[in-house]
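All remarks here apply to the structure that follows.
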Amino acid sequence: MWQHRDLIGQLAGREITQRFRGAVLGLAWSLINPLINLAIYTFVFCIIFHAQWSEQGYDGSLAASKSFFALMLFAGLIPFTVFSEIASRAPTLILSVPNYVKKVVFPLEVLPVVVVISTITHSLLSIGILLIGSLVFMHGITSAVFLLPLAYLPLALGCVGLCYFLSSFGMYMRDVSQAIGPIISILSFLTPIFYTPSSLASKIPDRIQWIVYLNPLTMVVQVFRRTVLPGPGFPWLGWSVITAVSIVMAIGGYLWFMKTKNGFADVL
């Protein structure tokens, strides 16, 4: 990757600028889409179901407010949106650039990295909105916000590894792209975006709680919330574990991709 850093920078820059090229609102869609989802989820859970955010380490009166629930929801949606966008695009990533496959000298392995960089860059706009919301409704921004690069590290590495795997599988099994949508929908409810992990003990049977805890996105979402919103301290132990898992996933995905890419031209 370091050898191709200039190419990655050029492709990522083009990806970022061309994403909404031609749209009237342009880059604003990076903010509009998550804000629309936030408004819908807040209406459903706060207005209809009267949900409250109850978790140890947070002030009780503050946690009871609808604005706090909306911020916690938004903080969980940001990393999950990054994951879902990358996972949705990965199966057709190589299929969409047949000219690159036919050019033997082009390093296909940089494409997943470019997609991850582009997606994470757009998510920073949502982080800005979240910090403004924290300043307005919670009257401050946590000092842990300076650890935001650490929060993004396991997300980026895990998504790179996932993108390597899915882009390779998508070349040989075209059904992968059709299966990703339902899987993402299932994961959206198995990830503690709309609820707290502590609420699992009372609301989910013991025999299926392990599914939620084995979901890597569970800790990623928790790390993001502890980083960008005032509350409990940064979960160093959980972050260390999920970062180690994401490193293994990134290396494994890269090795798999490099082993299988020689056959891409044959199945294209």
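The values are calculated or read from the model by the stated rules, or taken from the named source; none is laboratory data. Everything numeric here is computed off the predicted structure, so don't read it as measured data. Backbone-built Cβ (ideal geometry, glycine too); neighbour counts: all protein chains shown. Side chains included, ligands, DNA and RNA excluded: accessible areas come from the protein's heavy atoms. Shrake-Rupley method; radii C 1.70, N 1.55, O 1.52, S 1.80 Å.
Does the stretch 145-182 hold any residues that are closer than 24 Å to residue 212 by Cβ, in contact (Cβ under 8 Å) with a residue 60 or more places away in the chain and exposed (fewer than 14 other Cβ atoms within 10 Å of the Cβ), and which are they? Within the stretch 145-182, 181 is the sole residue that qualifies.
Residues considered: 129, 141. Of these, the only one that is part of a loop (DSSP other than H, G, I, E, B) and farther than 26 Å from residue 250 by Cα is 141. Any residue that is more than 30 Å from residue 165 (Cα to Cα), in a helix (DSSP H, G or I) and either modelled with pLDDT of 90 or more or not aliphatic (A, V, I, L, M) (or both) - is there at least one of those in the stretch 73-90? Within the stretch 73-90, none of the residues are more than 30 Å from residue 165 (Cα to Cα), in a helix (DSSP H, G or I) and either modelled with pLDDT of 90 or more or not aliphatic (A, V, I, L, M) (or both). The combined condition, being touching a residue at least 12 places away in the same chain (Cβ under 8 Å) and within 20 Å of the chain's Cα centre (by Cα), is not fulfilled by residue 260. Kindly establish whether residue 142 is surrounded by fewer than 17 Cβ atoms within 10 Å (Cβ to Cβ) and touching a residue at least 24 places away in the same chain (Cβ under 8 Å). Against the criterion (surrounded by fewer than 17 Cβ atoms within 10 Å (Cβ to Cβ) and touching a residue at least 24 places away in the same chain (Cβ under 8 Å)), residue 142 does not qualify. Among residues of the stretch 67-96 being in contact with a helix residue (DSSP H, G or I) (Cβ under 7 Å, 6 or more places away or on another chain) and surrounded by fewer than 17 Cβ atoms within 10 Å (Cβ to Cβ), the one that is nearest to residue 29 (Cα to Cα) is 88.
With respect to the stated conditions, residue 54 fails to be at pLDDT below 90, more than 30 Å from residue 135 (Cα to Cα) and part of a loop (DSSP other than H, G, I, E, B). Being of a type outside the set (Gly, Ala, Ser), closer than 17 Å to residue 11 by Cα and in contact with a helix residue (DSSP H, G or I) (Cβ under 7 Å, 6 or more places away or on another chain) holds for only one residue in 137, 169, 194, 106, and it is 106. Considered as a group, the residues in the stretch 216-268 that are modelled with pLDDT under 90 and among the aromatic types (Phe, Trp, Tyr) include one that is farthest from residue 116 (Cα to Cα), and that residue is 234. Among the residues of the stretch 204-249, those that are over 14 Å from the mean Cα position of the chain (by Cα), buried (at least 21 other Cβ atoms within 10 Å of the Cβ) and part of a helix (DSSP H, G or I) comprise 226, 227, 228, 239.
Within the stretch 100-139, being open to solvent by 30 Å² or more (accessible area, probe 1.4 Å), under 18 Å from the mean Cα position of the chain (by Cα), under 24 Å from residue 89 (Cβ atoms) and in contact (Cβ under 8 Å) with a residue 40 or more places away in the chain holds for 117, 121, 125, 129.
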